[in-house]
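The values are calculated or read from the model by the stated rules, or taken from the named source; none is laboratory data. Worth saying up front: this structure is predicted, and the values here are computed from it rather than measured. Cβ placement follows ideal geometry from the backbone for every residue including glycine, while neighbour counts extend to all protein chains displayed.
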Amino acid sequence: MALVLADRVQETTTTTGTGTVTLLGAVQGFQSFSAVGNANTTYYTIAGQGTSEWEVGLGTYTSSGTTLSRTTVLGSSNSGSLVNFSAGTKNVFVTYPASQATLLDATQTLTNKTIQGGTIASGTAVTLTNQTSIEYTSLPSYVKRITVMLNGVSTTGTDAPIFQLGYGATPTWVTSGYSGGSQSLSTVPTSSSNQPGTGFVLQSLNATNALVGVMTITLFDASTNTWVASYNGYNNTTNSSWSSGAIALSGTMTAVRLTRVGTVTFDAGKVNILYE
């Protein structure tokens, strides 16, 4: 089901009351509501001929029986509520309600709507000095993508850094069930892989490594809160690494954190995020 607007759509009805209206065919010079498409929603106006009864709202068109349901009333002659239409013919047409319109004023400024999530927001860069995790919480519900940036990140041992996601206000951190893994390649050449399952993994380090890279975590399916991640990075021992993975959360994502597989601490470098 989609919201559809179409030009020059107008029919008539003789339906009375507050229920679904039966459409009787296109007015001469106009097209019928079939232009909207079966089961799609549209903005409508119903106006009584020769009366002061009118209603503007959001409705759903059904091709079987050619009906239009009156799902949400946006304005009416009945103080914004469903109109109990009296007998007689009414015009029913597709419209673009003023309350739903996006408008630019004379200086091309958006005056009546807010574009949520229309900009890329930044977290605060954190300097790593003996932390076991760095958390970014209370992320807005509109977030569909997180970019995590690492600059010179190192640890006190060989445990792999990982990113974990959280949901809820507290949040609840998801610490298992991550698919995927990482692969690193040296100029020697040798390669190694890591698949811990406890987070989106970067690569195993040692105490002399300093990691620089970017991980992008993107919402894949909002209906299942499934996120996918991909990473590319480099460390000062001429190793390149890349990784990918996926995880389905039990709620809307609200937090991300940098942590590690084992018990080492982060002792140098910086981390920050962008979200949109």
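Evaluation of ASP159 against the conditions (1) under 18 Å from the mean Cα position of the chain (by Cα); (2) of a type outside the set (Val, Ile, Thr); (3) modelled with pLDDT under 95 shows that the sole unmet condition is (1).
Kindly indicate whether any position in the range 38-46 is under 13 Å from THR89 (Cα atoms) and touching a residue at least 24 places away in the same chain (Cβ under 8 Å). Looking through the range 38-46, at least one residue is under 13 Å from THR89 (Cα atoms) and touching a residue at least 24 places away in the same chain (Cβ under 8 Å).
Within the range 6-35, the set of residues being among the aliphatic types (A, V, I, L, M) and exposed (fewer than 13 other Cβ atoms within 10 Å of the Cβ) is empty. Within the range 237-250, the set of residues being outside any strand (DSSP E or B) and either at pLDDT below 95 or in contact with a helix residue (DSSP H, G or I) (Cβ under 9 Å, 6 or more places away or on another chain) (or both) comprises THR237, THR238, ASN239. Taken over the range 76-99, the residue count meeting the criterion of being assigned to a loop (DSSP other than H, G, I, E, B) and either touching a residue at least 12 places away in the same chain (Cβ under 8 Å) or in contact with a helix residue (DSSP H, G or I) (Cβ under 7 Å, 6 or more places away or on another chain) (or both) is 12.
The condition (being under 11 Å from LEU202 (Cα atoms), surrounded by fewer than 19 Cβ atoms within 10 Å (Cβ to Cβ) and in the same structural domain as SER141 (by TED's automatic domain parsing)) is satisfied by just one residue among SER250, SER244: SER244. The one condition from (1) outside the structural domain of VAL228 (by TED's automatic domain parsing); (2) more than 30 Å from the chain's Cα centre (by Cα); (3) not polar (S, T, N, Q) that LEU128 does not meet is (1). Quickly run through the range 118-146 and pick out the residues that are more than 9 Å from GLU276 (Cβ to Cβ), among the hydroxyl-bearing types (Ser, Thr, Tyr) and surrounded by fewer than 11 Cβ atoms within 10 Å (Cβ to Cβ). Correct list: THR124, THR129, SER138, SER141.
Quick one: which of THR60, THR102 is over 12 Å from THR15 (Cβ atoms) and outside any loop (DSSP other than H, G, I, E, B)? Can you show your working first?
Working: THR102 fails: outside any loop (DSSP other than H, G, I, E, B).
Only one candidate qualifies: THR60.
Taken together, the criteria place ALA87 among residues that are at negative phi, of a type outside the set (Phe, Trp, Tyr), surrounded by fewer than 18 Cβ atoms within 10 Å (Cβ to Cβ) and at pLDDT 95 or above. Checking the stated criteria, THR51 turns out not to satisfy the condition of being part of a strand (DSSP E or B), at negative phi and in the same structural domain as ASN84 (by TED's automatic domain parsing).
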